[in-house]
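Notes to accompany the following structure.
The values are calculated or read from the model by the stated rules, or taken from the named source; none is laboratory data. For clarity, every value in this text was computed on a predicted model and none was experimentally measured. When we count neighbours, we look across all protein chains shown, and the Cβ atoms used for this are built from the backbone with ideal geometry, even at glycine. Note: areas computed on protein heavy atoms with side chains; ligands, DNA, RNA excluded. Shrake-Rupley method; radii C 1.70, N 1.55, O 1.52, S 1.80 Å.
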Amino acid sequence: MPETKYMTTFIFALMLLMGTTLFLPARSLATQEYVFTGQTMGTTYSIKLISAKPLSKSLWQEKIDLRLKQVNACLSMYQKDSELSRFNAAPEDQIFRVSADFYQVLEQCRRLHTLTSGAWDGTVKPLVDLWGFGTKGRRDKPPEPAEIKTALKSIGFEKLKIGDHNLTKTMPGITLDLGSIAKGYGVDEIARLIREGGIENYLVEIGGELAAAGENKHHKAWIVGITNPEKGFLNSGLYKEIRLDNKAIATSGNYRNYFEKNGHTYSHIISPKTGYPVENGVISASVISDTCTWADGLATALMVMDVHQALALINSLENTECLIIRQEGRKRTALRSSGFKFI
């Protein structure tokens, strides 16, 4: 139990009289917050480190930027010389050697694809490009059904052969889009870098995906917000706040990346099974889990899945919770897994 104010004062005075050196608890030591910001993966990042010992801000900035550059060089679809882009350009049946980063992500991809029965599928790139949400530029009207049917022939994560640090296409036209997991992996890698540097208290954010450990500068648990899913607003405020205690959170939504035609809205969340933007009423899905890579991928899968199946899936997983927001007309409903808690 914590000492009372008067007992603590008495012990302090007694120790001074006895000539004994007093060691205060670590949390009473003065701590400093170090903040790092920048750009990566087509978005921004913000990182907070809390430390009782002085840190070299320039050295940490260099370490963070270097690691993010390495992750981006591996997973970016927009860098023509990235590892991902080189794989996408590789021919069928060619064994493509992958880096440790790429292999780690592939292992998570395979697990996600299996667990979600294909709702998450990293080979969805031809459809994403066709609908104007990928690397080939925007469009203002839906593609023709025949185009969608053709693109669907190149979809299916099971059409990839994953070996020991190698990857092979089993048919032509297979390409990867790992945008729904790359930011989460970047968050995890920066968090790992920080822990390896001996820092136990931190908050890492890349494009809205976060991981937190320890306490903030006020010796309190980290409090983070879930964005209010309002279409057409860059800053729509917070929907709810949660306590992030040695966990990661990622959110996927359809309220920012979309186009409208003849009164109909087409979002960037494409079903790998139908080839069309998903229309299940889900406008936002947030997942809390041990790693941001896993949370990031699952959040995208929940946007695609039937909402009741999505909740059942999350409730079956350990150390994983979710918040799903549905919109039906003007009615908005928030559905939570059994252990999801607001502040």
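Quick notes on this one:
- A convex hull fitted to the Cα coordinates of region 201-290 yields 114 cubic angstrom per residue.
- Protein accessible area in region 238-295, 1.4 Å probe - carbon and sulfur %: 42 percent
- Cα-Cα separations in region 26-159 greater than 23 Å, expressed as whole percent: 53 percent
- Separation of region 210-244 and region 139-185, taken as the distance between their Cα centroids, equals 32 angstrom.
- For region 66-93 and region 299-320, distance of Cα centres in Å: 29 Å
- Sorting the segments 216-226, 112-122 by their residues' average number of neighbouring beta-carbon atoms within 10 angstrom, most packed first, yields 112-122, 216-226.
- Candidates PRO229, PRO143, PRO272, ranked by Gaussian network fluctuation over the chain, Cα under 10 Å, top entry: PRO143
- Value of Rg to Rh for region 125-240 (Rh from inverse mean 1/r over Cα pairs, i.e. Kirkwood): 1.10
- Surface composition of region 90-179: carbon and sulfur make up 52 percent of the accessible area, probe 1.4 Å.
- Estimated [θ] at 222 nm from DSSP helical runs (n ≥ 4, -39500 (n - 2.57)) normalised by residues in the chain, nearest 500: -10000 deg cm²/dmol
- Entries of LYS69/LYS159; LYS69/LYS231; LYS125/LYS261; LYS57/LYS217 with Cα pairs more than 25 Å apart: LYS69/LYS159; LYS69/LYS231
- Å² per residue, accessible surface of region 103-183 at 1.4 Å: 44 Å²
- 10 Å-binned pair-distance histogram of the chain (Cα, whole percent): 5, 23, 30, 23, 10, 5, 3, 1, 0
- In order along region 203-209, the Karplus-derived 3J(HN,Hα) couplings, from 6.51 cos²θ - 1.76 cosθ + 1.60 at θ = phi - 60°, round to 9, 10, 9, 10, x, x, 9 Hz, and Gly and Pro are given as x.
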